[in-house]
Amino acid sequence: MRLYLVRHGQTAWNLEGRAQGHTDIPLDATGLAQAAAVAHAMRGLALDKVWSSDLARASQTGSAIAEACGCPLLTAKEFRERSFGSMEGTPYLDLRRAAEEEAEVQETSSLQVRIGGGESVEDVWDRVAERLWEIESAHHDLCLVSHGGTCAVVVAQLLRGSLETVRAFKFGNASLTELQRHPDGHWTLLRYNDTSHLAAPSAPMIDLNHGVKS
């Protein structure tokens with residue numbers, strides 16, 4: 001069984017370097033083109049279904065992939081990005097600095113700090129684990145469309161890493177990562193953060209109301 005893990009396409013806040021968290025920012029024009037490109041690259045894959053975060057930027061990307069592959073799209077809040085509470089919309093550099101300062105005050109890891117009354121990375125780890133079993137126990141190939149931080153948590157969990165392992169993974173917008181589950185239940189990372197499809201000139205455009213235009 002193979003899992004195709006996709007980070008959503010670009011949003012205006014991605015471009016501005018602002019933390020989105022649970023704020024429901026849709027794809028911008030570039031993001032729509034990126035969603036079309038990754039869907040075009042995946043067209044023809046025999047996917048059983050596409051799972052997606054229920055936030056618009058992920059579900060828009062997932063919808064394009066589901067249409068291209070002719071399979072259903074299912075959304076789940078467990079695959080959302082980390083919540084940053086009252087600090088959503090803050091530049092990432094300021095957010096990171098605040099997390100490090102709070103971790104120092106609390107004498108703990110920044111992975112366990114809740115910024116702005118939101119979630120810690122550890123909270124996201126626990127949340128994802130509540131739903132990831134459905135992917136781990138699947139018998140057919142799947143796609144999961146999520147967010148940068150959440151994608152890192154998914155890969156770390158599937159590869160049997162620890163919470164610290166999350167720091168090792170970064171994902172570009174509309175990147176494609178591929179993992180394979182073996183009969184013994186262990187996973188292998190086959191492709192990581194692949195964005196080569198974004199350079200392809202022939203990807204169709206997306207109509208927000210009607211999905212992919214071929």
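Applying the Karplus parametrisation 6.51 cos²θ - 1.76 cosθ + 1.60 with θ = phi - 60° to the phi angles of the stretch 47-52, what ³J(HN,Hα) value in whole Hz is obtained for each residue in order, glycine and proline being reported as x?
Per-residue couplings from phi come out as 8, 6, 6, 10, 8, 8 Hz.
Which whole-number percent of Cα pairs in the stretch 45-138 have a distance greater than 18 Å?
Across the stretch 45-138, Cα pairs with separations above 18 Å total 56 percent.
Please report the net charge: other residues with Cβ closer than 10 Å to the Cβ of L3, K and R +1, D and E -1.
Value of the local net charge: -1.
Can you run phi through the Karplus equation (6.51, -1.76, 1.60; θ = phi - 60°) for the stretch 37-42 and list ³J(HN,Hα) in whole Hz, with x for Gly and Pro?
5, 5, 5, 4, 5, 9
Give the angle, between 0 and 90 degrees and rounded to the nearest 10, that separates the Cα long axis of helix 121-136 from the longest principal axis of the Cα atoms of the chain.
Roughly 30 degrees between the two axes.
Scan around Y192 for amide H atoms under 5 Å from its own, H built in the peptide plane at 1.01 Å from N, and keep only partners 5 or more places away or cross-chain.
Long-range HN contacts for Y192: E178.
Under 5 Å between amide hydrogens, which residues at least 5 positions from T75 or on another chain qualify, with H placed 1.01 Å from N in the peptide plane?
Amide H neighbours of T75: S52.
Calculate one ³J(HN,Hα) per residue across the stretch 150-162 by plugging θ = phi - 60° into the Karplus curve 6.51 cos²θ - 1.76 cosθ + 1.60, and present them in order as whole Hz with x for glycine and proline.
Listing the rounded values in order: 5, 4, 4, 5, 4, 5, 4, 5, 5, 8, 6, x, 9 Hz.
222 nm [θ] for the chain, helices only, -39500 (n - 2.57) per DSSP H run of 4+, per residue, to 500?
-11000 deg cm²/dmol
Throughout, read-outs are computed from the coordinates displayed, never taken from laboratory work. These figures come from a predicted structure and were not determined experimentally. Cβ: placed from backbone, ideal geometry, glycine included. Neighbour counts: every protein chain shown.
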